[in-house]
1. Exactly one of (1) open to solvent by less than 40 Å² (accessible area, probe 1.4 Å); (2) modelled with pLDDT of 95 or more; (3) of a type in the set (A, V, I, L, M, F, W, C) is unmet by Ala172. Its number?
2. Within region 14-25, which residues are touching a residue at least 60 places away in the same chain (Cβ under 8 Å) and either of a type in the set (Val, Ile, Thr) or surrounded by 24 or more Cβ atoms within 10 Å (Cβ to Cβ) (or both)?
3. If you take the residues of region 54-78 that are open to solvent by 60 Å² or more (accessible area, probe 1.4 Å) and of a type in the set (A, V, I, L, M, F, W, C), which of them is nearest to Leu27 (Cα to Cα)?
4. Within region 79-90, is there a residue that is under 30 Å from Ala193 (Cα atoms), open to solvent by 50 Å² or more (accessible area, probe 1.4 Å) and in a strand (DSSP E or B)?
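The values are calculated or read from the model by the stated rules, or taken from the named source; none is laboratory data. Everything quoted here is computed from the prediction, not taken from an experiment. Using ideal geometry, Cβ is built from the backbone for each residue, glycine included, and neighbour counts are taken over all protein chains shown. Ligands, DNA and RNA are excluded from the accessible area calculation, which covers all protein heavy atoms including side chains. Shrake-Rupley method; radii C 1.70, N 1.55, O 1.52, S 1.80 Å.
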Amino acid sequence: MLIEGRHFLREWSSPRDVGRKAAARNLADIAAMGARPTALLVSFAGPGDLEVSWVLDLVVGIGEEASSAGAAVAGGDTSGADVVMLAVTALGDLEGITPVTRSGARPGDQVAITGTLGSAAAGLALLRAGAGARTGTGTGAGLALADPDLESLIAAHRRPSPPYTAGPEAAALGATAMIDVSDGLVADLGHVASASGARMDIEADPIADEPVARRQALTHAAEILGDDADWRQWVLTGGDDHALVATFPAGLALPPRWTVFGRVTQGQGIVVDGRRWLGAGGWEHFST
């Protein structure tokens, strides 16, 4: 689901942005099971006074993102609501292979990632501070934004770019478990650890720079936002980038786009740089 005021604001994102994000969030789930995305079913609800042009642009965005993943919009439903709400169901084709779930990780497996981390969380923090609001009514003190790196972080929040083809690739390579990072790396790896009955021991350094983290842009954003901003937290607990994280058998050589940053061990939970993670691992859906 994508709900106005909870997952996006119309003054921060264009309708095409919202459409692309709604599609990407769901298509990434298909890729994370090793399947090729094929179709979307989209249910839409919104206020009666919402501009028709806004809705049409939303549809364009959904179609653009679906097409980029090789999928189509196959149907859906509409209704009225006080705010814009989207419920999207994504379909995919496993093409004869067994789906890769969250529950297959085993001690000894290596943990690897492809895609980016931290950019969407940094973009959200910039928007909350008043940068880049489309209506010029951003919150906070307001930030003048003329830096391409910072603009790219905001763009990452508005329009995530999941590595769709990496999902079927991982499945073909023998991935034992996989998930897309929607809530935060630690949180989502925690789901894999829980489902697999194992512990994830990860290292921060391999994911704190290119190609996983855009370190220069992230550190710049943190400097601008001040003492409360921690770019490393964006990388470890920021969601919405929809990178793919997978576990693979030990010793398996992986393509260059996959960065190994940990291993599966006996136990439970997440350990980062030798310390058990005890805080929030990312987005909490039912927090106030």
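1. Against the list (1) open to solvent by less than 40 Å² (accessible area, probe 1.4 Å); (2) modelled with pLDDT of 95 or more; (3) of a type in the set (A, V, I, L, M, F, W, C), Ala172 comes up short only on (1).
2. Matches in region 14-25: Val18, Arg20, Lys21, Ala22, Ala23, Ala24.
3. Looking at the filtered set, the residue picked out is Val73.
4. For region 79-90, residues under 30 Å from Ala193 (Cα atoms), open to solvent by 50 Å² or more (accessible area, probe 1.4 Å) and in a strand (DSSP E or B): present.
Residue by residue, here is whether (1) touching an Asp or Glu at 6+ places or on another chain (Cβ under 6 Å); (2) not charged (D, E, K, R); (3) not in a helix (DSSP H, G or I) holds:
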| residue | (1), (2), (3) |
| --- | --- |
| Phe44 | no, yes, yes |
| Leu50 | no, yes, yes |
| Glu64 | no, no, no |
| Ala74 | no, yes, yes |
| Asp77 | no, no, yes |
